[in-house]
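Okay, so here's the structure we're looking at.
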Amino acid sequence: MNALGRHILVEFSGCNAEVLNDVSIIERSMIEAAQIAGATVINSTFHHFSPWGVSGVVVIQESHLAIHTWPEYRYAAVDLFTCGDSVDPWVSFEHLKKAFQANYSAIEMNRGSLHVIKKSDFQPQHIRTKPSFDLEKGFQIERNVWFTDKDENQALSLRYTGEVLFDETNPFQRVRVLDSYSHGKFLAINNMVMCTERDEFHYHEMISHPIMQAHGNAKNILVIGGGDGGTIRELFKYNQVEKVTMVEIDESVIRASKEHLPNIASEFGNSKLNLIIGDGIQFVKEAAANSYDVIIVDGSDPVGPAQGLFTAEFYNNCKNALKEGGMIITQGESPMFHEGTFVELNQCLKGIFGKSQVHTMLFHATTYPSGMWSLQMGVKGNTHPAKDFNKDKARQFSNDKSLKYYNEDLHAAAFALPTFVRKMLGENA
Ligand code: SPD
């Protein structure tokens, strides 16, 4: 080759659109493509974009492989550039063609033609005497792969190792466990973060303890969703609890959590747990009236099977299943990220429980988009959950159980809403 490098510009068309939208598969395929061709991989950086598409580059000792995908066109633009003769970029090309199930057109250019450029006598001032890598171990690949939970305009991203610990798609949803650098392992459903090892206690303590402390003596509890197990873990901290019925539609969430998030899934063996794999919406429709002290709706966002958890029919049935004096709490989305759903859910609950019987809490959800998340509570009775709770008992409980987020002061404080949120909910003081 009478040139410094070979550059193949590839048009991959008719590709598998799901593959082109999957940052993990693309990163893995690009690294494999480099390695199969005999290149030495130095690092990789890949991002998933909003609303879809992936960009990334694998830096190799012999230059780079780069990609940008348009899943909606089933198209990917790929550059394969290698210096010297040791790596054949067409080997990488063949690998990617199979991985993306693609049609293609490609052209090869020689880069740095030696007919045109001539070597100068330039000598770098500082030449390393030692190589920048350990010859014994080879290069350590630095991977830079990001999971992004987003809508069209906002996102929260976590960098993860690139390894996929659990990945199953069933008729309900896609369930994954990935390993992030900042927040440990995390559970994702349909590209949305559900919980991370590092901050899951914020959510699980706040969906459980304010309602349990406000009720004061809940013995029979229903949990809809909650397949990761974090909510039941918190509920079984109460000695008075006699039975927790949990209805989770997707057994793979439970399996993923038991396998990879054992500190969250620690109470599935509890003898007071009545675990039902089934549809929580149907379950409350058929539930006997006046059965439960507390109902906790620990669902996902309103896409896929969780959509029905945001309807008046569902909450009417829940109210019917609650005993007199009973209380329900539901994850209420975010006033900053899902204003519409947040407000609609609040109106829906007020229509069912009454305006003064619905109370909204906010808490810090550091790995949910916007970081501000809500829990909305409906009361079948006259208790005010922020005022009518036993502060001393709450203090004692949070100390005895070494809780990390909830405490007696936060209990009341969580119900205090910023002015803009009050306005959204029509709750001007
Ligand atoms: N956007 C995330 C909302 C998730 C609510 N459920 C989380 C499940 C944790 N048990």
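Of all the listed residues (A66, A39), the sole one being among the hydrophobic types (A, V, I, L, M, F, W, C) and modelled with pLDDT of 95 or more is A66.
One residue stands out among those in the stretch 321-335 that are within 12 Å of the ligand (Cβ to nearest atom) and assigned to a loop (DSSP other than H, G, I, E, B): the one that is farthest from Q154 (Cα to Cα), which is G332. Condition check for N190 on (1) polar (S, T, N, Q); (2) closer than 20 Å to I281 by Cβ; (3) away from the ligand (no atom under 14 Å from the Cβ): one failure, at (3). For E200, the requirement of being within 12 Å of the ligand (Cβ to nearest atom), at pLDDT 95 or above, within 16 Å of the chain's Cα centre (by Cα) and not aromatic (F, W, Y) is met. Hey, among the residues in the stretch 142-156 that are out of contact with any Pro (no Cβ under 8 Å at 6 or more places or on another chain) and away from the ligand (no atom under 14 Å from the Cβ), which one's least open to solvent (accessible area, probe 1.4 Å)? Per the criteria, the residue is V145. Kindly evaluate S266 against the criterion of being in a loop (DSSP other than H, G, I, E, B), under 24 Å from V175 (Cα atoms) and within 16 Å of the ligand (Cβ to nearest atom). Yes. Taken over the stretch 14-25, the residue count meeting the criterion of being in contact (Cβ under 8 Å) with a residue 60 or more places away in the chain, open to solvent by less than 40 Å² (accessible area, probe 1.4 Å) and part of a helix (DSSP H, G or I) is 4.
Listed by first and then second residue, the pairs with beta-carbon distance under 8 Å, at least 6 apart or on different chains, first residue in the stretch 413-425 and open to solvent by less than 40 Å² (accessible area, probe 1.4 Å), second among the charged types (D, E, K, R) and not in a helix (DSSP H, G or I), are L417/E427.
The values are calculated or read from the model by the stated rules, or taken from the named source; none is laboratory data. Just so you know, these numbers come straight off a predicted model, no measurement behind them. Heads up, the Cβs are rebuilt from the backbone with ideal geometry, glycines too, and the neighbour counts pull from every protein chain shown. The area values use the complete protein model at the heavy-atom level, side chains included, leaving out ligands, DNA and RNA. Shrake-Rupley method; radii C 1.70, N 1.55, O 1.52, S 1.80 Å.
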